[in-house]
Each structure stands twice: as C-alpha cells, then as structure tokens.
Amino acid sequence: MKKELFLGNEAVARGFWEAGCRFVSSYPGTPSTEITEYAAEYAEMDCEWAPNEKVALEAAYGAAVAGARSFCGMKHVGLNVAADPLFTASYTGINAGLVVAVADDPGMHSSQNEQDSRHYARASKTLMLEPADSAECRDFAAAAFALSEAFDTPVLLRMSTRVSHSRSLTETGSRAEIPLRPYEKNPGKYVMMPAMAQKRHVLVEERILRQRAWAETCAFNRAEYHDKSIGVICAGINYQYAREALGERASYLKLGCVYPLPERLIRDFCAACGAVYVAEDLDDCIEQHCKSLGLEVHGKDVFPRVGEFSQSILRRAILGEELPAGALDLAVPARPPVLCPGCPHRGLFYVLKKRKIFVSGDIGCYTLGALAPLESMDTCVCMGASISGLHGHNKADPENAARSVAVIGDSTFMHSGVTGLINIAYNRSNSVVIILDNSITGMTGHQQNPTTGITLKGDPTAAVSLEKVCEAVGIRRVFVVDPYDLSATEEALTQALAAAEPAVIISRRPCALLKYVKPKPSLRVDPEKCTGCRACMRIGCPAISMKNKYAAVDPTQCVGCGVCVQLCRFGAVT
C-alpha cells in the first residue's frame, strides 16, 4: 500500500473501486459531485449521471439486486428526492452491496437549507457511517459494501462539505475483484406488497438490534482518553475541530457509525469523564440519544443550532477561551456570488425585470438572478418547484397570469420539471415556462445531462429535444430565443404572455465557461460618447464598472456578448 493526498470525495471513489464496486449512478449536487466524477476515471466501474436522485438510487438498487456492488451519490436535498426507494430498499434488503453517499452542507455554502441527513438513517432504519478525513472516507466506503452484505441492507455514507472538500493523506490498495452474486427469485423479499412488507419489517427491527450490538465494538467507534475532566462526543469533521481546539485537555469519543448509535460505549465514556459535551452541528441527534439513556451531557445548551461549527466555536463553548492569535480561524473577506461575464441568463433576467414580471424560480446558477441589480426572481424552493409553483400561482390568481413566468434550467427541467409542465398542460393553467438551456449542468461544475448528447464517460448518446418534449406533453406554443438578443427575447415573452394557453420559451445559449465556447473580442467604452448614465450597470456584469464617473470594461473579463451594447443609447460601448 502507498499513501496519496486525496480529496475526501476522491478517497470515497477510491474506496469504492478497491471494494469491487461495478456500477455507479448519481445526480450531481455540491458537495457530493466529485465522488462520481472521480469514480468515472476507473474503467472497471460503469458510471453514469441519472436524470434525478430517485432514478439514480433505483438504478443502483436494481444493479445490487442483480448481484453487482453498486453506489449512488447525492447531496442532502437530493436524498429527499430519493427517499421513496430508500425506505422500501431498507425493507427488501439487497443482494450485492449497495452504498448511498449523502453529502450534507452545514452553513449552506451551496444549498437552500441545512437539512441533517442523520434523520433519514433513523427514519428508514438504515445503517449510517460518517468519516472524519480522507483516510476514513476511503476506509469507510470500502467497508460499507461488506456491511451492506453482512446485514442485508443499504448503507448510508454521510459526508459533509468540509470532509468532502478537504485533503489528507490516504493509504491506497489494489482492487478486489468481487464476482457477480447470483440472483435468486424471491418475491417475499423483493416484492413489497403489504403481506410481504409486514414480514420484512419484522426482519428490519431484528437487524437494527444486531447492528446496535455491532456498533458497541466496531473499529469505527473509539474512545480516546487524555484529560478526563472534559469529554467530547463527536463525529465527522467536528472530531477534527475538537482535537485542534482542545488538544489533550479533553478526552474524545469519536463515532464513525452515527446510526444506530451504541449504548454501552457511550455510558462507559460518560462514566469515565467529568463534564461531557456533544459536539454536533445542525440537529441534536447524538445528544438526544444520550439523554434517552439518562445521561447528563451538554449540547445545544452551549452550541449553536444553526450554521457549521469551527475550532473557535468549540473552544469558546467548552473552555471559555479564544484560540491563540493567528491560529486556525481567519477572517476572510466576503465574496458574494454573481453571474459570470457573458452568462446567457443575464439578458433574460434584464427583460423580466424591465417588464416587472413575477418569476417563480428554481435551483441553478440562474438563481443568482434574484440578487441586485437584476432582482428578477420571487420564489425558489426546490428542484422543479418553479413550474409546479407557477401553476398553483396562476390557478389562484388567474388575472395576473399574464404577468407571471417560471424559469428553470435544462438539467433541472430533466430532473423534475417535466412532470410540472405535464401538470400545466393537463390541468390547463395559462402559464408561461422559460427553460434556460445553457447546454450543461452549470451550477455543480459542468456535468452532462440528458439534453447534451454526451454521457458521463464522454461518449455520444441520445439527446433529449426540449422542443419535442414540450410539444409531446401538450404545449402547442414553443418559442426558441437567444437571450443575448434582448429585443427578440422581449418579443417572445410578449407573445407567450398574450396567448390564452400554456407556452414555453426556450432561452438557448451555451454557458460562457464551456471549453468549446470561444469568447469574442472584448468590448470597450468610448469616453467621448459615454455620459455616465449607468444604463450598462443595470445588468450587473462583473466586467463593467464605473471609473471617474464613466463606464469602463475590464478586457480580462469581457467575453464580448454584446448585451451591454444594446442598453447604451449613446453608442459608447463598441
């Protein structure tokens, strides 16, 4: 074996490969995306992007039943989408190992909520592991398959932003060639009709008891004793934070299996220590387990319930001290996110703001259209909600339907927007849906999707035609526009809103950051013509600024999209 410096997500992929994983199906979602991207680099694993997390988990489950060790990855909100198959797969069990990685995002660095996925482990009665560094990512990922087969269950691998995106030394080994397990027909195990499911539920409860006994002695849970006046129970990245903040001034119970939680191990640790603190960000899952055992511990009485923890938070809460000056926590200037120079969404949002349109928004980099100066989004809930939400909005207030639209990206439309559009056509709401087709899954780092005609492995494949899908579900009025052309975009919007029937506008222009998209020459401002009216600033392009009361274009950022040219009444931008 040798040691390499691995990203947490990279180490997970390595662990899967070493454990003989054969099939991977996921949907990209930060901070989980790189697991599947790194997995795709191994020829022995058949890796793919699915249209959404539900489809991905169902595909991985099917492969596991067929006898292949399989993996499915997603971010925390993606587990909401995949919850349906997860809960029932816990009843049926598996044939070959099935591992589901879910990456939580404390602090909401790239997410719309701080959901704690440990609740899903308990609710679905599914074993959950949580690594604390890249070495454990590799070890836990590999071990998860053996545990899945030993307990006949899917296994959840809980990641977090800091573990997924940090690097540490990781030992690597060779691949174990695991033969395909033979499938044996067994309707009582795999067909969850009520009579079969009732019997399987009994087995699930028995399985939890066996897993709880295993959790007492498994190598993933361990006590580290130093100064016993303070004890800290923790898991994942908070173990690293606690060790850095407290050093040997405390003892630690590091939990690598966070569901089911051990009982005797925790009791023994609490008995050996003085004041015991449960350091877990987000919800108080471990704390409530401790209190259910009758143990006195500090948790959310001293730690925050929102946001992610840090070394300074732990040291302040436990020791009442600040970190030494210059250590660990640094004040970093805020850098608000912004649409990139040349982003195709900018022109569309400018037109929507100009027309004072109600915009039912969705999840993607285009969600940044809600920020100043574009300020062109009224709601954003979850993947696909823009279309369904617009339908409800227009059913409730039909008089304002002519001033309301939904916006959704091409990948998000494939994920969960199609059913919402079917609902609009079937239940006849006078709604206008705008599909922002930038030819890629942009927000998570340029992953392919069913509309691009390229697979995760880079092979050519069938490409979904957005126009034909819209027509097939019953939309008769479909417009295609280039959002760089403001007048054409506004004209299509006018016609779509004026029609007394559902309509779709496809705003089509590839993402400006795609490798095959070549920028045009940078624009410039003629100081003799510029009046300083700031009209060009209304689109919020990072390449445009005001200097000495006049507009200026940064040639290192400008891609020559020409949207600002159409805003200047004086011909100053050329």
message: Can you go through Leu421, Leu390 and tell me which one is in contact with a Ser or Thr (Cβ under 6 Å, 6 or more places away or on another chain) and crowded, with 18+ Cβ neighbours inside 10 Å?
response: Leu390
- request: Check the stretch 145-158 and report whether any residue there is over 25 Å from Ala197 (Cβ atoms), over 20 Å from the mean Cα position of the chain (by Cα) and surrounded by 24 or more Cβ atoms within 10 Å (Cβ to Cβ).
  value: yes
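With the stretch 285-382 as the region, which helices (runs of 4 or more DSSP H) entirely inside it contain at least 1 residues that are of a type in the set (Phe, Trp, Tyr)?
Working: elements: 285-292, 311-319, 345-354.
Result: 345-354.
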message: As an exercise: evaluate Gln112 against (1) out of contact with any Lys or Arg (no Cβ under 8 Å at 6 or more places or on another chain); (2) assigned to a helix (DSSP H, G or I) and give the number of the one condition it does not meet.
response: (2)
message: Please go through the stretch 368-387 and give me each residue that is surrounded by fewer than 20 Cβ atoms within 10 Å (Cβ to Cβ) and touching a residue at least 40 places away in the same chain (Cβ under 8 Å), ordered by number.
response: Leu371, Ala372, Pro373, Val381, Cys382
- line: Of the residues in the stretch 485-514, those that are surrounded by 18 or more Cβ atoms within 10 Å (Cβ to Cβ), under 18 Å from Ile440 (Cβ atoms) and either touching a Pro at 6+ places or on another chain (Cβ under 8 Å) or basic (Lys, Arg) (or both) come to Ser507, Arg508, Arg509, Cys511, Ala512
query: Could you count how many residues in the stretch 415-447 are closer than 21 Å to Gly458 by Cα and either of a type in the set (Ser, Thr, Tyr) or in contact with a helix residue (DSSP H, G or I) (Cβ under 9 Å, 6 or more places away or on another chain) (or both)?
result: 11
message: Against the definition (in contact with a helix residue (DSSP H, G or I) (Cβ under 9 Å, 6 or more places away or on another chain) and surrounded by fewer than 13 Cβ atoms within 10 Å (Cβ to Cβ)), how does Gly571 come out, yes or no?
response: yes
- request: Considering only the stretch 55-102, state which residues are touching a Lys or Arg at 6+ places or on another chain (Cβ under 7 Å) and β-branched (Val, Ile, Thr).
  value: Val81, Thr92, Val102
field: Single match in Ala492, Ala503, Ala472 (criterion: out of contact with any Ser or Thr (no Cβ under 9 Å at 6 or more places or on another chain) and either of a type outside the set (Gly, Ala, Ser) or assigned by TED's automatic domain parsing to the domain that holds Leu352 (or both))
entry: Ala472
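Restricting the stretch 162-216 to residues that are basic (Lys, Arg) and touching a strand residue (DSSP E or B) at 6+ places or on another chain (Cβ under 9 Å), which is surrounded by the fewest Cβ atoms within 10 Å (Cβ to Cβ)? Steps first, answer last, please.
Initially, the stretch 162-216 is screened for residues basic (Lys, Arg), giving 162, 167, 175, 181, 185, 189, 199-200, 207, 210, 212.
With the extra rule that they be touching a strand residue (DSSP E or B) at 6+ places or on another chain (Cβ under 9 Å), the set shrinks to 167, 207.
Working: Arg167: 14, Arg207: 19.
Checking each candidate, the answer is Arg167.
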- prompt: Mind checking which residues of the stretch 241-271 are of a type outside the set (A, V, I, L, M, F, W, C) and within 23 Å of Leu127 (Cβ to Cβ)?
  reply: Tyr252, Lys254, Gly256, Tyr259, Pro260, Pro262, Glu263, Arg264, Arg267, Asp268
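One line per residue, one yes/no per condition, for (1) at pLDDT below 95; (2) farther than 30 Å from Ser404 by Cα; (3) in the same structural domain as His393 (by TED's automatic domain parsing); (4) not in a helix (DSSP H, G or I):
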{"position": "Ser522", "(1), (2), (3), (4)": "no, yes, no, yes"}
{"position": "Pro527", "(1), (2), (3), (4)": "yes, yes, no, yes"}
{"position": "Cys541", "(1), (2), (3), (4)": "no, no, no, yes"}
{"position": "Gly560", "(1), (2), (3), (4)": "no, yes, no, yes"}
{"position": "Val565", "(1), (2), (3), (4)": "no, no, no, no"}
{"position": "Phe570", "(1), (2), (3), (4)": "no, yes, no, yes"}
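The values are calculated or read from the model by the stated rules, or taken from the named source; none is laboratory data. Only a predicted model underlies this, so the values are computations on that prediction, with no experimental measurement involved. Cβ: placed from backbone, ideal geometry, glycine included. Neighbour counts: every protein chain shown.
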